[in-house]
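The values are calculated or read from the model by the stated rules, or taken from the named source; none is laboratory data. Since the model is a prediction, treat every value here as computed from it, not as a measurement. Neighbour counts run over all protein chains shown; Cβ positions are idealised from the backbone, glycine included. Note: accessible area is taken over every heavy atom of the protein model, side chains too, but ligands, DNA and RNA are not part of it. Shrake-Rupley method; radii C 1.70, N 1.55, O 1.52, S 1.80 Å.
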Amino acid sequence: MKHLSDIRSLIFLSVTWAFQLFVMLSPKSTFSIGELAGLFLLNIVLVLQASLINHNHRHCGIFTYAFLNRFVDRLISLILFSPSTRLHAVHMFNHHTHYRSGEKDWASYKLATKHSSGLLRSLEYLKKSSQEMTKNRPTLNLPEDLRKNQKVERILILLYVIALLYVNPLMTLFWLVPSCLIGLFLLLLANLVNHDHCDLQSEFNHSRNFLSRFENWFFCNNGYHTAHHLKPAMHWSKYPEFHERELIEKVAPELNKGSLFIYSLKNYLLSGK
């Protein structure tokens, strides 16, 4: 393991997969409708957490040995119901290359043009960015090993889904799959929140930061987005110190926020224009 901080990442991933399996393998009468609704919301949050851990893992692999990193890739793929390396393809080869461009970045906030904030802006962004990525992903010239790993992960997910459908078809179709999809959409929405209305040409004001200590503990410092874009290969555990030492005086104060959840709720899920 390259950094001991990733023990936290592995614990979070293990707990999430164990939680999903516990719910899926429990007898049908174990949970009430209200409890299932609560577990549904919890799985959305845990899938978002796993997606952000995957994001960190794509930039700086948890282990020194490739075969151990592939094991983590497979585990994340099962948790997300989506190939771990799929994020690598779009995020590394498009977003980090073209995030300063509103035309070439398939997930640019500039795709949303009809509404300046609120739920309608979020939905417009999710629709258009998803369409852009679906349309353009096949054009990426990916390394052969990445293509191979994606194929392996897709096959593994297919077999996993078949097994879950056999064991508990209703929970698979109406609890696990929908909550995982919503968690993945929240990951995409976070990209909008991180860059929306920022000055993409600025050296330091191209991203929004969320400095809540609890959220950064829970989401493994994904709130430090300016530091991430300036130092994408830096391990996530080093971002808080780098932000305080190098960026706190350079980033516009209005771009340093507290809670990602509260900010998103106010500006992208409730109010709007």
Members of the stretch 188-233 that are β-branched (Val, Ile, Thr) and within 22 Å of His115 (Cβ to Cβ) = Val193
Looking at this structure, is Asn168 surrounded by 13 or more Cβ atoms within 10 Å (Cβ to Cβ), without any contact (Cβ under 8 Å) to a residue 60 or more places away in the chain and polar (S, T, N, Q)?
-> no
Determine which single condition Trp236 fails, assuming it passes every other condition in (1) within 27 Å of Gly118 (Cα to Cα); (2) open to solvent by less than 40 Å² (accessible area, probe 1.4 Å).
-> (1)
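Among the residues of the stretch 51-81, write down those that are free of Cβ contacts under 8 Å to residues at least 40 places away in the same chain and of a type in the set (A, V, I, L, M, F, W, C). Steps first, please.
Of the residues in the stretch 51-81, the ones free of Cβ contacts under 8 Å to residues at least 40 places away in the same chain are 54, 58, 65-69, 71.
Result: Ala66, Phe67, Leu68, Phe71.
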All positions within the stretch 188-217 that are crowded, with 16+ Cβ neighbours inside 10 Å and under 23 Å from Leu80 (Cβ atoms) = Leu188, Leu189, Ala190, Asn191, Leu192, Val193, Asn194, His195, Phe210, Glu215, Asn216
Quick one: in the stretch 7-52, which of the residues that are surrounded by 14 or more Cβ atoms within 10 Å (Cβ to Cβ) and among the β-branched types (Val, Ile, Thr) is nearest to the chain's Cα centre (by Cα)?
-> Val47
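Every residue, every condition in (1) in contact (Cβ under 8 Å) with a residue 24 or more places away in the chain; (2) not in a helix (DSSP H, G or I), yes or no:
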{"position": "Trp175", "(1), (2)": "yes, no"}
{"position": "Leu181", "(1), (2)": "yes, no"}
{"position": "Ala190", "(1), (2)": "yes, no"}
{"position": "Cys198", "(1), (2)": "yes, yes"}
{"position": "Ser202", "(1), (2)": "no, yes"}
{"position": "Thr226", "(1), (2)": "yes, no"}
Confirm whether Lys250 is within 20 Å of the chain's Cα centre (by Cα), open to solvent by 10 Å² or more (accessible area, probe 1.4 Å) and either under 23 Å from Ile62 (Cα atoms) or not hydroxyl-bearing (Ser, Thr, Tyr) (or both).
-> no
Please work out which residue is nearest to Leu188 (Cα to Cα), limiting yourself to the stretch 109-120 and to residues that are in a helix (DSSP H, G or I) and either at pLDDT 95 or above or open to solvent by 30 Å² or more (accessible area, probe 1.4 Å) (or both).
-> Tyr109
Subset of the stretch 59-75, residues within 27 Å of Ala227 (Cβ to Cβ) and either of a type in the set (A, V, I, L, M, F, W, C) or part of a helix (DSSP H, G or I) (or both), comes to His59, Cys60, Ile62, Phe63, Ala66, Leu68, Asn69, Val72, Asp73, Leu75
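Among the listed residues Phe218, Phe174, which satisfies the condition of being aromatic (Phe, Trp, Tyr), within 24 Å of Arg8 (Cα to Cα) and either touching a Leu at 6+ places or on another chain (Cβ under 7 Å) or at pLDDT 95 or above (or both)? Break it down into steps so the answer makes sense when it comes.
Working: Phe174 fails: within 24 Å of Arg8 (Cα to Cα).
Sole residue among the options that is aromatic (Phe, Trp, Tyr), within 24 Å of Arg8 (Cα to Cα) and either touching a Leu at 6+ places or on another chain (Cβ under 7 Å) or at pLDDT 95 or above (or both): Phe218.
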Return the pairs, sorted by first residue and then second, in which the second residue is surrounded by 16 or more Cβ atoms within 10 Å (Cβ to Cβ), the first residue lies in the stretch 120-140 and is acidic (Asp, Glu), the beta carbons are less than 8 Å apart, and the residues are 6+ apart or on different chains.
-> Glu124/Leu111; Glu124/Ala112; Glu132/Trp106; Glu132/Ala107; Glu132/Leu111
State yes or no: is Leu13 touching a helix residue (DSSP H, G or I) at 6+ places or on another chain (Cβ under 7 Å), at pLDDT 95 or above and not in a loop (DSSP other than H, G, I, E, B)?
-> yes
Hey, any hits in the stretch 78-98 for a residue that's modelled with pLDDT under 90 and exposed (fewer than 13 other Cβ atoms within 10 Å of the Cβ)?
-> yes
